[in-house]
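I have placed the structure first, in the form of structure tokens, so that the comments after it can refer back to it.
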Amino acid sequence: MSVRIFVPKDASALALGSERVATALTREIEARGLDATIVRNGSRGLHWLEPMIEVETPEGRIAYGPVKASDVASLLDAGLATGGTHPLCLGKTEELPFLKNQTRLTFARCGIVDPLSLADYRAHDGLKGLERAVTLSPADIVTHVTESGLRGRGGAGFPTGIKWKTVLDTPGDRKYIVCNADEGDSGTFADRMIMEGDPFVLIEGMAIAGIATGATKGFVYIRSEYPHAITTMTQAVEIAHKAGVLGSSVLGSAKAFDIEIRTGAGAYVCGEETALLNSLEGKRGIVRAKPPLPAHKGLFNSPTVINNVISLASVPIIMDKGPVYYKDFGMGRSRGTIPIQIAGNVKHGGLYEAAFGLTLGQIVDEIGGGTATGRPVKAVQVGGPLGAYFPRALFDTPFDYEAFAAKDGLIGHAGITIFDDTADMLKQARFAMEFCAIESCGKCTPCRIGSTRGVETADKIAQGIEPEKNMALLADLCNTMKFGSLCALGGFTPYPVTSAMNHFPDDFRPAPLVEAAE
Ligand SMILES: Cc1cc2nc3c(=O)[nH]c(=O)nc-3n(C[C@H](O)[C@H](O)[C@H](O)COP(=O)(O)O)c2cc1C
Ligand code: SF4
């Protein structure tokens, strides 16, 4: 049998040269007359080792990385096809500590299967959840999801089952499932990795959501900056349709469900659910006032489930293994697993799926291995650009929605960005305000004007102009934005700003007043 060699086609691996590696490998295999097949898989999520290639052996997969095209000949000379030793050999993939210690439920297949092979998907427990769902009543499916404790992974942590029940209970000629794949948070990539590495799990999750709520049509709204995810998802939907997983009779049942892929236009605010719905309808991406909730009047005024990629991709395993299996992982009201995305100035960046409850210190120091520069960690921003900066003093905070909220932080989409001691937190606070000013949809004053005034005020603090007055003004602006903004863009921008001010006051001490024309 032909030996299978896995070369990831995930965007992070491509960015690091995996296409060149695949080309060189194809050429060398041909030239040497080897009986080997190259499978273009997703990433395993060990980004510092990308491109990480693997070979299937009777003892399991053996990994090599990071591999350059120029390494290919020597790898084959060393017996790559049989898992031979080589300086780039990392040993058995499953034994790599970063992977071995994870609890991969949502990402169980990512990096393992051929993303566009439905047969491979089925061979790795794919479609079992949907097969079960088509035998259940909508209310029973909703009960399963509710009992699993799954909460939305897009940021707000709203219980998924309750959202689905609202749509199920709302009458409507047409209902929709909208998958939010805008993934605009800095330092996050879990949605992209699933769409590129295991697209059928998202399709399966959306089909289950459709059957559970009475929706027959789904849209995946993917940010334009994700061309590879768009291509893979488009191909996967076509394959699923041809195979009868989607269409007028889902898996041969009396239920219909179809999916269309839509591309976003590149605005951060279009990740906010109501702005996203406007964008999907072809309107300007501006936030809608709530009520009405999208569950009552969403896309084209119809009852709509809008869920994050990871929320939907977590449903198949819940339907397959049961709600209790999923709920057994986690802590407090944060049940199941969470794909933590470790980024920024870090030694071992990548995706780490674990049950809720790891402390921030474990994630940064033990799993991430500290900074890439080797300098001390100064701050960690958790939850994307609207998340708070946590100092080392808060590293005992467990990864849990309520525990982070209790420390004036948020988990958001579970991206963490690490900074070493050279980071200037005043600059970071200014950046938060600037980001909000650029990305604001402009609908409400605290966000539209407050963020611009915030940038000006941070600049004055940096220049040493009336420091006490301007620090008070910045705090006041944050207060107004937090409580007066219509959506979380304006409402949460104060989190990075006030956390920087409170935890790193030295960075806000006035520089000597510049003798200038002020
Ligand atoms: C400014 C802003 C940007 C957002 N961006 C995203 C995003 O990129 N992806 C996402 O899933 N949710 C995003 N959200 C949250 C969504 O509004 C919404 O809560 C989420 O899609 C609901 O899905 P869930 O319940 O599965 O988390 C954003 C919210 C705000 C305020
Ligand atoms: S807070 Fe900002 S982004 Fe949100 S509605 Fe108001 S202006 Fe728009």
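Label-to-label distance, ALA73 versus CYS89, with points set 7 angstrom from Cα along the beta-carbon direction: 2.1 nm. Residue pairs exceeding 24 angstrom between C-alpha atoms, taken from LYS100/LYS347; LYS255/LYS321; LYS165/LYS217; LYS9/LYS128; LYS128/LYS242; LYS100/LYS163: LYS9/LYS128; LYS100/LYS163.
For TYR389, the amide hydrogen comes within under 5 Å of the amide hydrogens of SER499, ALA500, counting only partners 5 or more places away or on other chains and with H modelled in the peptide plane.
Quick one: of LYS407/LYS460; LYS378/LYS407; LYS443/LYS482; LYS175/LYS482, which pairs are farther than 22 Å apart, Cα to Cα? With Cα atoms farther than 22 Å apart: LYS407/LYS460; LYS175/LYS482.
The alpha carbon centroids of region 124-162 and region 333-371 are separated by 25 Å. With N the number of residues in region 378-518, Rg(Cα) / (2.2 N^0.38 Å) evaluates to 1.03. Ranking of ILE29, ILE449 by neighbouring Cβ atoms within 10 Å, starting from the fewest: ILE449, ILE29. Of the complete DSSP H runs in the chain, those spanning 15 angstrom or more by Cα along the long axis with a mean Kyte-Doolittle score not below 0.5 are 199-213. Reducing region 26-55 and region 185-241 to their Cα centroids gives an inter-centroid distance of 25 Å. Calculated FRET efficiency, LYS427 to GLN235, Cβ-Cβ distance, R0 = 35 Å: about 0.25 to the nearest 0.05. Near GLY415, the amide H atoms lying under 5 Å from its own belong to GLN341, GLY383, GLY384; only residues 5 or more places off or on other chains count, and H is placed 1.01 Å from N. In this simple spin-label model, placing a label point 7 Å from the Cα along the Cα-to-Cβ direction at both SER117 and ASP35 gives a separation of 1.7 nm. Database remark: amide H of ASN308 closer than 5 angstrom to the amide H of ARG153, GLY154, ASN180 (H placed geometrically; neighbours at sequence offset of 5 or more, or on other chains; Pro and chain starts carry no H). The share of Cα pairs per 5 Å bin across region 221-370, counted from zero up to the longest distance, runs 2, 8, 11, 13, 15, 18, 18, 10, 4, 1, 0 percent.
In this structure, THR373 and PHE483 have a Cβ-Cβ separation that, at R0 = 45 Å, corresponds to a calculated FRET efficiency of about 0.75. Computed over region 54-108, the alpha-carbon pair-distance distribution with 10 angstrom bins reads 24, 48, 23, 5, each value a whole percent. Taking the helices alone, the chain has a mean residue ellipticity at 222 nm of -11000 deg cm²/dmol, built from -39,500 (n - 2.57) per DSSP H run of at least 4 residues and averaged over all its residues. Percent relative contact order of the chain, based on C-alpha pairs within less than 8 angstrom and at least six residues apart? For the chain, the relative contact order is 13 percent.
Projected label points at GLU225 and LYS283, each 7 Å from Cα along the beta carbon direction, are separated by 2.6 nanometres. Each 20 Å bin from zero holds the following percent of Cα-Cα pairs in the chain: 22, 52, 23, 2. Placing one equal scatterer on every Cα of region 166-215 and applying the Debye formula, the log10 ratio I(q)/I(0) at q = 0.13, 0.17 Å⁻¹ is -0.41, -0.62.
As a proxy for reagent exposure, ranking LEU276, LEU473 by other Cβ atoms within 10 Å from fewest up yields LEU473, LEU276.
Once the mean of 1/r is taken over each pair of separate Cα atoms and inverted, region 1-86 shows a Kirkwood hydrodynamic radius of 12.5 Å. Quick check: Cα centre of region 431-481 to Cα centre of region 82-120, how many Å? The two parts, judged by their Cα centres, are 46 Å apart.
Coordinate-derived values only; no laboratory data. Keep in mind the model is a prediction, meaning the values are calculated, not measured. Methodologically, a virtual Cβ is constructed for each residue, glycine included, from the backbone with ideal geometry; neighbour enumeration extends over all protein chains shown.
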